[in-house]
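The next block holds one structure in the form of structure tokens; read it before the comments.
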Amino acid sequence: MKQFILKKGKVIYDEIYDGGGSSFGINALKDEKVKSVIKKGNILEMCSGPGFMGFYLNFEGYADYLILSDINDAHDSYIKKTIEENNLTNTKFIQSDGFKSFYIHNNFDTIIMNAPHYSSPRKGGYVNREEELICLDLDLEFHKHFFKYAKNYLKKDGVIILIGNMGGIKPEEIIDLAGNDYNCKLIACNRYGWIRDSRFYVLEIKLNG
């Protein structure tokens, strides 16, 4: 296990489970344009991995209650260790493929998500199952599921903050998937400290009506 040290806490993780949350994910949340739309209260990080972004918001005082959720149950032990190391009492992990295994009915003020960035398999395949889970949302099935059910878990005045990759699933595709139930706005685009060529966009998504 490794430690990712932040100013107000630390996240326990393993490098094979870091899908960029420790770098461009947290850096995107620090962007003033993004910070201005984050709502304090109940927070969900979907596709959380070890929970870099969710724990960051928790350490910064945004979360009354924090749910971290990921399809990969390997994150459970890391998240429990982070909770223990930081003496947190307001955080829980739910192993779930999207909302399929959710057993809570909280309405969230903010949902943050750094979901898989690609909708078709990589040429040459993947190093391991973990890399495939981080990278691939085949035919956008996860995103379709997310937008079908997210409205049931978001407060009427809540916000979804979605971080995507300009080299993968385009913001226009996300906006089209979201459909008429949501109002989507592209609020930021930057490399956010990423040393390779990728640029990352941030969508502010709210319920219509």
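Structure values in brief
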item: Criterion (surrounded by 21 or more Cβ atoms within 10 Å (Cβ to Cβ) and either charged (D, E, K, R) or on the phi > 0 side of the Ramachandran plot (or both)) met by exactly one of Asp109, Asp97, Asp176, Asp181; result: Asp109
item: Residues located in segment 57-75, provided they are closer than 17 Å to Arg129 by Cα and either without any contact (Cβ under 8 Å) to a residue 40 or more places away in the chain or open to solvent by 50 Å² or more (accessible area, probe 1.4 Å) (or both); result: Asp70, Ile71, Asp73
item: Check on Leu186, out of contact with any Ser or Thr (no Cβ under 8 Å at 6 or more places or on another chain), buried (at least 18 other Cβ atoms within 10 Å of the Cβ), not aromatic (Phe, Trp, Tyr) and not in a helix (DSSP H, G or I); result: no
item: Residue match in segment 24-36 (condition: touching a residue at least 60 places away in the same chain (Cβ under 8 Å), within 19 Å of Leu133 (Cβ to Cβ) and out of contact with any Pro (no Cβ under 9 Å at 6 or more places or on another chain)); result: yes
item: Test for Asn128: is it among the polar types (S, T, N, Q) and either closer than 21 Å to Gly54 by Cα or surrounded by 15 or more Cβ atoms within 10 Å (Cβ to Cβ) (or both); result: no
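The values are calculated or read from the model by the stated rules, or taken from the named source; none is laboratory data. All values reported here derive from a predicted model rather than from experimental measurement. Heads up, the Cβs are rebuilt from the backbone with ideal geometry, glycines too, and the neighbour counts pull from every protein chain shown. Remember, those area values only see protein heavy atoms, side chains included, never the ligands or the DNA or RNA. Shrake-Rupley method; radii C 1.70, N 1.55, O 1.52, S 1.80 Å.
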